[in-house]
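Input: a single structure, listed below in structure tokens.
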Amino acid sequence: MTAGGEAERGQDDGFDLNQSPSGEGGDVRLHRALWRHWGTPAAIYGTIVYASVVAASSIGNQGHASAVQVLVFSVVSIVVFWVAHVYSTALGFHGDADRIGDRLRDSFRHALRESSGMLEAAIIPSIPLLLAALHVLPADLGVLLSLWLMVLMLALLGYLVFLVRGRPVLVCLTSAVVTGLFGVVVIVLKTSLQH
């Protein structure tokens, strides 16, 4: 990614990644770097979608064969959602009146950069599913760990968005709880539908 692309991305996220507030410590720079990769709207949306697909595909499925099915179905689903997101973002970007002279290739490059968080968000929660598919974990435990990892990721993203803006810890924690609740709702729905 070019420096210009980073500046554009930083402006889109509400802060300039190339401009550090005076006295900014290494922790805040690390949080900004994490935010640039996983803190995009596509990453948050992707995490919620992935949690929903994992939860829905695991209902009524038990055993290691079902763990493989849940993993494959979830990964294929998030890739399909990602392709649709890239396509719709590219069309929206290309159709913007301010970008009439831009090439379609530039629109797709922008869309790929903006949508990458959706796929990145599925990596960590896929690890317990993969371990369950490989018979390292029981299938139910793999699904449960995957779902709770997504709750943790959502809470972390909610925390970081306010932390990088220098908000008080209480505001950061409130945001973490609110964002994490999206994942908790998915788990509650899965549990209620299973019983």
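For region 105-121, in order, what is each residue's ³J(HN,Hα) by Karplus, 6.51 cos²θ - 1.76 cosθ + 1.60 with θ = phi - 60°, in whole Hz (x at glycine and Pro)?
After applying 6.51 cos²θ - 1.76 cosθ + 1.60, I find 4, 5, 5, 5, 4, 4, 5, 4, 5, 6, 9, 4, x, 5, 6, 4, 5 Hz.
Carbon and sulfur atoms: what percent of the 1.4 Å accessible area of region 103-195 do they account for? Walk me through the numbers before you get to the answer.
Numbers: 3830 of 4930 Å².
Carbon with sulfur: 78 percent of the solvent-accessible area.
Extending each Cα 7 Å along its Cβ direction at Leu152 and Glu120, get the distance between those two points in nm, one decimal.
The two pseudo-label positions are separated by 1.9 nm.
Using only alpha-carbon positions, what ratio does the radius of gyration of region 107-195 give when scaled by 2.2 N^0.38 Å? Working shown, then result.
Numbers: Rg = 15.8 Å, N = 89, 2.2 N^0.38 = 12.1 Å.
Rounded to two decimals, the normalised Rg is 1.30.
Ordering Val177, Val164 from largest to smallest accessible area (1.4 angstrom probe), what's the sequence? Let's see the in-between values first.
Details: Val177 90, Val164 10 Å².
Highest to lowest solvent-accessible surface, that is Val177, Val164.
Give me the dipole magnitude in Debye, nearest 20, for region 74-165 about the Cα centre, with unit charges on the beta carbon: positive for Lys and Arg, negative for Asp and Glu.
The dipole of region 74-165 has a size of about 160 debye.
Once phi is turned into ³J(HN,Hα) by the Karplus curve 6.51 cos²θ - 1.76 cosθ + 1.60 with θ = phi - 60°, what whole-Hz value does each residue of region 168-176 show in order, with x for glycine and proline?
x, 4, 4, 5, 4, 5, 4, 5, 4
The values are calculated or read from the model by the stated rules, or taken from the named source; none is laboratory data. What you see is a predicted model; the values in this text were computed from it and never measured. No Cβ is skipped: glycine too gets one built from the backbone with ideal geometry, and neighbour counts run over all protein chains shown. Note: accessible area is taken over every heavy atom of the protein model, side chains too, but ligands, DNA and RNA are not part of it. Shrake-Rupley method; radii C 1.70, N 1.55, O 1.52, S 1.80 Å.
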